[in-house]
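Engineer: Encoded as structure tokens, here's the structure I'll be asking about.
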Amino acid sequence: MTDLVGCYSLSNSITVIRLDANVITDSIVINEIYGGDLVEIKNVGTSTIDISEYYLCDFPNYTQLQNLIISCGNDLILDPMEIVTLEYDIISTADGELGLYRSNGYSNPEEIIDYVEWGSSGHTRASVAIAAGIWSVDDFVEPWDIAMSIEYDGIGNSSMDWSEDVHTPCIENDMFTPDPASIELFTFKIFPNPSTNQIQLESNQQYDLDAKYEIFDKVGQVILKGDMKEFNNESLNISNLSDGTYYIRLITKNGTKTNSFTKIN
């Protein structure tokens, strides 16, 4: 049909679609997959969304989110940038797929809103994700260690947007924005690990003056935070922490990096 200009008398009703109208897309994404059977979901949009009736699919398994146990996070009504982590049995970190759907229309490209496959390409629901424009033919994430996670960088829809990292439930994934002058992204080690009273950090780069640290527990609550200059090549006292696993994040001009340590008596 050509453009209509002026007034017309029509005997039958018609539907007019404005081609330049904005298309509303879903803003819920799979944010992290942990080999220990946890999946993190994030709302990257600007509106609150109820995801209780959404489904996770790792063929042939399909589960509605409201039937899963929340490991950390408040509920399944996600505010903008809010995260929830759910207990979900991932069959294998060596080879598999995971799709996120608005409904149980698993073969419908209009219902799938996020997807990732790893170990190999061409899994059962890959064709649905490809038809929906959220995945590419022959693309896949490399297998990862079962004690680790793969994390989404929040940018695109390819294997390059996923990377293996330390498991950080309900904590924002590390987003690297390195200084162009920095050739190598920094890394750091924690020792002793496990530890009873004190920990020290050893980095492959010198900390900048504004570098900071944050320590989280397993549910994403900040326990300690401060400036890296507080370390001053000395130990950080963790004797008041309860036994368990914690995560320490360093934030510097060359990006951020998270590592884990265990507190024991």
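The values are calculated or read from the model by the stated rules, or taken from the named source; none is laboratory data. These numbers were taken from a predicted model, which means no experiment stands behind them. Here the Cβ is made from the backbone with ideal geometry for all residues, glycine too, and neighbour counts use every protein chain on show.
Engineer: Scan region 64-73 and tell me whether some residue there is within 20 Å of residue 159 (Cβ to Cβ), free of Cβ contacts under 8 Å to residues at least 40 places away in the same chain and loosely packed, with under 15 Cβ neighbours inside 10 Å. Walk me through how you get there before you give the answer.
Structural biologist: First, pick out the residues of region 64-73 that are within 20 Å of residue 159 (Cβ to Cβ): none.
For region 64-73, residues within 20 Å of residue 159 (Cβ to Cβ), free of Cβ contacts under 8 Å to residues at least 40 places away in the same chain and loosely packed, with under 15 Cβ neighbours inside 10 Å: absent.
Engineer: Going through region 104-128 one residue at a time, which ones are in contact with an Asp or Glu (Cβ under 8 Å, 6 or more places away or on another chain), of a type outside the set (Phe, Trp, Tyr) and over 19 Å from residue 53 (Cβ atoms)?
Structural biologist: Residues satisfying the conditions are 116, 117, 119, 120, 121, 122, 123, 124, 126.
Engineer: Something else now. Quick check on my filter: what residues within region 101-143 are over 21 Å from residue 40 (Cβ atoms) and in contact (Cβ under 8 Å) with a residue 40 or more places away in the chain?
Structural biologist: Result: 103, 104, 106, 124.
Engineer: I'm trying to understand the selection: among the residues of region 40-50, which are part of a loop (DSSP other than H, G, I, E, B) and either closer than 19 Å to residue 149 by Cβ or touching a Cys at 6+ places or on another chain (Cβ under 8 Å) (or both)?
Structural biologist: At the first step, the residues of region 40-50 found to be part of a loop (DSSP other than H, G, I, E, B) are 44-48.
The one that is part of a loop (DSSP other than H, G, I, E, B) and either closer than 19 Å to residue 149 by Cβ or touching a Cys at 6+ places or on another chain (Cβ under 8 Å) (or both): 44.
Engineer: How about region 106-148: which of its residues are at pLDDT 90 or above and either of a type in the set (Asp, Glu) or under 13 Å from the mean Cα position of the chain (by Cα) (or both)?
Structural biologist: Keep residues of region 106-148 that are at pLDDT 90 or above, which gives 106-143.
Once the filter is applied, which keeps residues that are at pLDDT 90 or above and either of a type in the set (Asp, Glu) or under 13 Å from the mean Cα position of the chain (by Cα) (or both), region 106-148 yields 110, 111, 114, 115, 116, 117, 138, 139, 142.
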